[in-house]
Amino acid sequence: MSILVKDAWIVTQNSKREIKRGNVYIEENTIAEIGNVNVEAEHVIDGKDKILMPGLINTHAHVAMTNLRGMIDDVPLETFLERTFELDRQRDADALREGATLGIMEMLRTGTTTFVDFYYGEDIIASVAKEYGIRAYLGWAVLDEDKSTQKGNPVKNAESFIREFSSQPMIKPMVAPQGVYVCSEDTLLAARELAEKYDTLLTMHISETRKEVYEHRKKTGRRPVEYLADIEFLNPRLIGVHLVWLTLHEIRLLASHDVKVSHNPTSNMKLGNGGSMPLIEMLQHGILVTLGTDSAVTNNNLDMLELMKFASLLHKNERWDASVTHAQDILDFATVNAARALHLNAGSIEEGKIADLVLLDPWPNGLPLFKDNIISNIVYALNGLNVTHTIVNGKIVWKRS
Ligand SMILES: [Zn+2]
């Protein structure tokens, strides 16, 4: 397949963060040429007065829960968890498939081209992802066998999943320890070993709530990140999720072990986690920050454009200072940073990169549009409904009719 997008504003996200105006030619799954290129293509898309940008990368989701949206709102976290487990226990493969279908369609509709998922039953999610053409990093949830609703041993289940799906180009299996509250040291180290054995990435919920931190300290004498450093779990493969309740010492530990971070501001606010992830200190310590929506139960949508706005506003408000976050940095979290965290040759529009792109029509909520306000409008004014085309791996997988 070949695609020519003509006369668009191109948000390249290259190393100079250039915004260009012109054409982009896509051949097979690669960005072949940018600029004044005018060649025959199977699909020609008029990009006039539109914004072409790298596809958004969501580094934390539970897509199979999308059909539970709106069912557990406005309750304290403990009640939320109780009801989630209760609902989860009653779910069969069809329910997971239905949730994943809805979630993946929503992501493509709102400009997400790659996502990291976290659940059991990732084989079902993989089949839906393949059907719809989204790029999927699928983390099989790992926890102690006696605390799991999975059939069999979760570490062994994760290994079977990795073996079955490791050779599929659009699916990347991962290992996903649920959290210190349900994972023993043995389980955590087995998860790390599994990731090393099959060369996959790891992802884990860490220090989401104050309760998690206090209870872990009561049990082990150490805060979760200190503990994870002590048992030699922290490593560069790990994408830590949430990381709301941290000390400066823990931030230094994350930085020195090159742990990547998925910031989930909307979920944290909706669940009333209190405080906020220490984003500014993380950036000062050179930690690679990415963004995640979390599930449709705690968000309640999977719109990365909306999420970017929340990510920025949360910290401005928290620090009483509008200058602590910048639209360009926030856009980097959702594109180039996430691509780096996933070792994916995407996240920017440059020749030779994988063609994961989205086209946005800024009318009417993103107008007026000038070169100097495009990044600001993407982060603060637009939302997923402005997306007109989503291109993944060189294929148009969604377009507005
Ligand atoms: Zn989560």
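Side notes on the structure shown:
- Subset of the range 311-329 that is of a type in the set (Gly, Ala, Ser) and surrounded by fewer than 20 Cβ atoms within 10 Å (Cβ to Cβ) - its residue that is nearest to residue 284 (Cα to Cα): 323
Results for (1) within 16 Å of the ligand (Cβ to nearest atom); (2) more than 21 Å from residue 203 (Cα to Cα); (3) crowded, with 24+ Cβ neighbours inside 10 Å, shown as yes or no for each residue.
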{"site": "90", "(1), (2), (3)": "no, yes, no"}
{"site": "98", "(1), (2), (3)": "no, yes, no"}
{"site": "111", "(1), (2), (3)": "no, yes, yes"}
{"site": "126", "(1), (2), (3)": "no, no, no"}
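- Which numbered condition residue 245 misses (of (1) away from the ligand (no atom under 16 Å from the Cβ); (2) outside any helix (DSSP H, G or I); (3) of a type in the set (Phe, Trp, Tyr)): (1)
- Of the criteria (1) touching a Leu at 6+ places or on another chain (Cβ under 8 Å); (2) within 16 Å of the ligand (Cβ to nearest atom), which one residue 51 fails: (2)
- Taken over the range 114-127, the criterion of being touching a helix residue (DSSP H, G or I) at 6+ places or on another chain (Cβ under 8 Å) and closer than 19 Å to residue 55 by Cα is satisfied by 114, 115, 117.
- Scanning the range 363-401 for residues that are farther than 15 Å from residue 11 by Cα and charged (D, E, K, R) yields 395, 399, 400.
- Among the residues making up the range 232-242, those that are within 16 Å of the ligand (Cβ to nearest atom) and closer than 15 Å to residue 199 by Cα are 238, 239.
- Tabulated pairs, the range 278-297, first closer than 15 Å to residue 203 by Cα and among the acidic types (Asp, Glu), second part of a loop (DSSP other than H, G, I, E, B) and away from the ligand (no atom under 16 Å from the Cβ), C-beta under 9 angstrom, 6+ apart or interchain: none
- Hits in the range 341-372 - residues which are surrounded by fewer than 16 Cβ atoms within 10 Å (Cβ to Cβ) and farther than 18 Å from residue 22 by Cα: 343, 345, 363, 364, 365, 367, 368
- If you go through the range 60-78 and keep only what is of a type in the set (Asp, Glu) and not in a helix (DSSP H, G or I), you end up with 73, 74.
- The single condition among (1) over 28 Å from residue 151 (Cα atoms); (2) surrounded by fewer than 15 Cβ atoms within 10 Å (Cβ to Cβ) that residue 94 does not meet is (1).
- Residue 360 closer than 19 Å to residue 112 by Cβ and under 19 Å from the mean Cα position of the chain (by Cα): no
- The range 290-310, residues that are more than 16 Å from the ligand (Cβ to nearest atom) and surrounded by 23 or more Cβ atoms within 10 Å (Cβ to Cβ): 303, 305, 308
- Screening 105, 65 for residues that are away from the ligand (no atom under 15 Å from the Cβ), touching a Phe, Trp or Tyr at 6+ places or on another chain (Cβ under 9 Å) and either within 27 Å of residue 29 (Cα to Cα) or in the same structural domain as residue 303 (by TED's automatic domain parsing) (or both) leaves exactly one candidate, 105.
- Qualifying positions in the range 26-51 - surrounded by 17 or more Cβ atoms within 10 Å (Cβ to Cβ) and closer than 28 Å to residue 376 by Cβ: 26, 31, 34, 45, 47, 50, 51
- Tabulated pairs, the range 3-31, first free of Cβ contacts under 8 Å to residues at least 40 places away in the same chain, second part of a strand (DSSP E or B) and among the β-branched types (Val, Ile, Thr), C-beta under 6 angstrom, 6+ apart or interchain: 20/10
- Residue 225 vs. criteria crowded, with 23+ Cβ neighbours inside 10 Å and more than 16 Å from the ligand (Cβ to nearest atom): yes
- Test: residue in the range 302-321 that is at pLDDT 95 or above and touching a Lys or Arg at 6+ places or on another chain (Cβ under 7 Å): no
- Filter result for residue 156 (farther than 30 Å from residue 360 by Cβ, modelled with pLDDT under 95 and either basic (Lys, Arg) or within 15 Å of the chain's Cα centre (by Cα) (or both)): no
The values are calculated or read from the model by the stated rules, or taken from the named source; none is laboratory data. What you see is a predicted model; the values in this text were computed from it and never measured. Quick reminder, even Gly has a Cβ in these numbers, built from the backbone with ideal geometry, and neighbours come from all protein chains shown.
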